[in-house]
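Single-structure report; data block below.
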Amino acid sequence: MEQVPRYSIGDFLADARAKIERLSPADAFVAQRRGATIVDIRTAADRTAEGAIPHAVVIALSVLPWRMDPDAEATDRRVNDLSHHMILVCNDGYSSSWAAAVLSDIGFTAISDISGGFRAWRAAELPTVGSSGVPPKPV
């Protein structure tokens, strides 16, 4: 039997990242201050345990395309402008790359993620909220 070439998660991630712009935490911070929207796709447990980025829009990864696609029934007007700069963030910068590539495929033209994710943001000593024992609330 002929063996099918394996498409590894590394291959998948490389293809996803080729479709998007990856930003350093510092560049994402500057972009947010200039009007870009950061979309936090981490779990509530992660946000409670580690904090969150101020003014980020919280949308669970499992429903992200349905909230961001302007043609979807469950679209969220805060994040459904295909031309607005959206920056996705997860814990370490893997899930956000995949999710940003999906959004690129559905028509987002200014989609990025944060290289290294929220943990890199925090390590860069950029502003966070909720890590002092007070859980951040979804916006």
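Can you tell me how many residues in segment 43-84 are open to solvent by 60 Å² or more (accessible area, probe 1.4 Å), without any contact (Cβ under 8 Å) to a residue 24 or more places away in the chain and assigned to a loop (DSSP other than H, G, I, E, B)?
5
Residues of segment 33-53 being over 13 Å from the mean Cα position of the chain (by Cα) and not basic (Lys, Arg), which ones? Show your work before the answer.
So the first thing to find is which residues in segment 33-53 are over 13 Å from the mean Cα position of the chain (by Cα), and the list is 33-35, 44-51.
Selection gives Gly35, Ala44, Ala45, Asp46, Thr48, Ala49, Glu50, Gly51.
Suppose we keep only residues that are outside any loop (DSSP other than H, G, I, E, B) and touching a residue at least 60 places away in the same chain (Cβ under 8 Å) within segment 85-94. Which one would you say is surrounded by the most Cβ atoms within 10 Å (Cβ to Cβ)?
First, pick out the residues of segment 85-94 that are outside any loop (DSSP other than H, G, I, E, B): 86-89.
Narrowing further to those that are touching a residue at least 60 places away in the same chain (Cβ under 8 Å): 87, 89.
Numbers: Ile87: 27, Val89: 29.
Checked segment 85-94; the qualifying residue surrounded by the most Cβ atoms within 10 Å (Cβ to Cβ) is Val89.
Is it the case that Ala99 is open to solvent by less than 50 Å² (accessible area, probe 1.4 Å), in contact with a Pro (Cβ under 9 Å, 6 or more places away or on another chain), over 22 Å from Pro127 (Cβ atoms) and not acidic (Asp, Glu)?
Details: open to solvent by less than 50 Å² (accessible area, probe 1.4 Å): yes; in contact with a Pro (Cβ under 9 Å, 6 or more places away or on another chain): yes; over 22 Å from Pro127 (Cβ atoms): yes; not acidic (Asp, Glu): yes.
So Ala99 fits the description; yes.
What number of residues within segment 30-42 satisfy the criterion of being in a loop (DSSP other than H, G, I, E, B) and acidic (Asp, Glu)? Let's see the steps before the verdict.
If we filter segment 30-42 for residues that are in a loop (DSSP other than H, G, I, E, B), which is where we start, we get 34-36, 41-42.
So of that shortlist, the ones also acidic (Asp, Glu) come out as none.
Residues meeting the conditions: 0.
Is it the case that segment 1-22 has a residue that's small (Gly, Ala, Ser), open to solvent by 70 Å² or more (accessible area, probe 1.4 Å) and within 13 Å of the chain's Cα centre (by Cα)? Show your work before the answer.
Going through segment 1-22, the residues small (Gly, Ala, Ser) turn out to be 8, 10, 14, 16, 18.
Cutting the leftovers down to open to solvent by 70 Å² or more (accessible area, probe 1.4 Å) gives us 18.
Narrowing further to those that are within 13 Å of the chain's Cα centre (by Cα): none.
No, segment 1-22 has no match at all.
The values are calculated or read from the model by the stated rules, or taken from the named source; none is laboratory data. In this text the structure is predicted, and so the values were computed from the model without any measurement. Cβ coordinates were reconstructed from backbone atoms using ideal geometry, including for glycine residues, and neighbour counts include every protein chain displayed. The area values use the complete protein model at the heavy-atom level, side chains included, leaving out ligands, DNA and RNA. Shrake-Rupley method; radii C 1.70, N 1.55, O 1.52, S 1.80 Å.
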